[in-house]
Amino acid sequence: MHPIRFEAATTDDGVHLFHYLPGNDLAVTRHWPGLRQKWPEEGTRYTEWAVNNNNMEEVAVYVGLVWRLTAGLDRYVIPTYYCDDAERYLKQTPMLVSWEYEVDARATTATTRDKGFVPGRTAKPLRAEPTAAELGNAGRAGLFRLSTPRDLVSALHAVLFDASSETTVFAVAPGPERLQRLVSALSGPTPPTLTEVLQEEGVFVDLTIGSDFDYYDSVMVASRADLRHRVDDLAADYARRISAYELRLDELARVPDFLREMPELSGVVLDVP
């Protein structure tokens, strides 16, 4: 087990930043051997938790960490680039916005990874003769509501097959006016800053997962409030959870045994808000 440690920083305009950059030292170091076996199509470690034989149990830890960091808030996600796939997995029509966040998964420091807000991108090609609406939506990002941790897993399903993947969660206080402020901040003519996107109680979390060689995972947290204690407490809790999980690995004989362990490892239940 490699402990989860966040580097803290503060921007010139007072936004608190926390970066988890594990590099090659991912948090879970002992893996269930069954991850490398052939599994059925449904009810698997991938369909349930987006865990596979490349991006392993650390993905379940990330899901729990993101969800618990944003507790008590309404959560919205931009699954970078694959908006149409996210629409299919989440079974939602997205709110289209102009800007999405970008992290360079090949870079190894917080400063070099952070590219800030960039124009929204989409993998959907335009038809030979696109309609005016299709032209207007080209290059826009999709913002989706996350109601339960399972929705976050679905967002990961939409993106987790490239050399790297990125999902950005915006958590705001409940209420339609807070959502409208978020959509407006992400839809202006110029790229927003974190200060403009973050609302008083809001939390921003970017989860980037590297799959290919020389692409690396990261979790970036931003807020106006100083979340140092919450971040440290969660990191310590996951150290305990991962250690306990690795000690129980030899007891996991079958897929159902593995799936029963994931809520304990992640700290969340998929279908509970």
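The values are calculated or read from the model by the stated rules, or taken from the named source; none is laboratory data. What you are looking at is a predicted structure, and each value in this text was computed from that prediction instead of being measured. All Cβ positions, even for glycine, are placed from backbone atoms using ideal geometry, and neighbour counts span all protein chains on display. Keep in mind that these areas ignore ligands, DNA and RNA; they rest on the heavy atoms of the full protein, side chains included. Shrake-Rupley method; radii C 1.70, N 1.55, O 1.52, S 1.80 Å.
Axis angle, to the nearest 10 degrees, between helix 228-248 and the longest C-alpha principal axis of the chain: 40 degrees. Between Asp25 and Leu247, the modelled label-to-label distance comes to 2.3 nm, taking each label 7 Å out from Cα in the direction of the beta carbon. Potential lengthening of the chain between Ala173 and Asp271 amounts to 33.2 nm, from the contour at 0.36 nm per residue minus the alpha-carbon distance. The angle separating the long axis of helix 255-266 from the principal Cα axis of greatest extent in the chain is about 60 degrees. Note on the chain: with neighbouring protein chains present and a 1.4 Å probe, carbon and sulfur make up 51 percent of its accessible heavy-atom surface. Per residue, the accessible area of region 16-123 comes to 43 Å² when a 1.4 Å probe rolls over the protein heavy atoms. Each residue of region 195-200 is assigned a 3J(HN,Hα), and the resulting list reads 4, 6, 7, 6, 9, 3 Hz, derived from the Karplus form 6.51 cos²θ - 1.76 cosθ + 1.60 (θ = phi - 60°), x at Gly and Pro.
His31 sits with roughly 70 Å² accessible to a 1.4 Å probe, with DNA, RNA and ligands left out of the calculation. A simple spin-label model places pseudo-atoms 7 Å from Cα toward Cβ; at Phe161 and Arg145 they are separated by 2.8 nm. Whole-Hz Karplus values for region 205-210 come out as 9, 9, 10, 10, 10, x Hz, taken residue by residue from phi with 6.51 cos²θ - 1.76 cosθ + 1.60 and θ = phi - 60°; glycine and proline positions read x.
Were the residues from Ala239 through Thr193 laid out at 0.36 nm apart, the gain over their Cα-Cα distance would be 13.3 nm.
What angle do you read, to the nearest 10 degrees and between 0 and 90, between the alpha-carbon axis of helix 176-185 and the longest principal axis of the chain? So the helix axis and the longest Cα principal axis differ by about 70 degrees.
Taking amide H positions as modeled 1.01 Å from N, with prolines and chain starts lacking one, the residues under 5 Å from Asp114 and 5 or more places away or on another chain are Asp104. Scalar couplings 3J(HN,Hα) for region 15-28, obtained by applying the Karplus form with A = 6.51, B = -1.76, C = 1.60 to θ = phi - 60°, are 7, 8, 10, 9, 10, 9, 10, x, x, 8, 9, 5, 5, 8 Hz; x denotes Gly and Pro.
Solvent exposure of Arg260, expressed as accessible area, is near 150 Å², computed with a probe of 1.4 Å over the protein chains only. Applying D = kT/(6 pi eta Rh) to the chain, where Rh is the Kirkwood radius over alpha-carbon pairs, T corresponds to 10 °C and eta to 1.306 mPa s, the Stokes-Einstein value obtained is 83 µm²/s.
Paramagnetic label reach from Arg36 (point 7 Å along Cα→Cβ; backbone nitrogen cut-off under 20 Å): within region 151-171, no residues. Rounded to the nearest 500, the helix-only mean residue ellipticity at 222 nm of the chain stands at -9500 deg cm²/dmol, with each DSSP H run of n ≥ 4 adding -39,500 (n - 2.57). Once all protein chains are placed together, Tyr46 keeps about 60 Å² accessible to a 1.4 angstrom probe. Kirkwood hydrodynamic radius computed over region 68-112 comes to 13.1 Å, based on all pairs of distinct alpha carbons.
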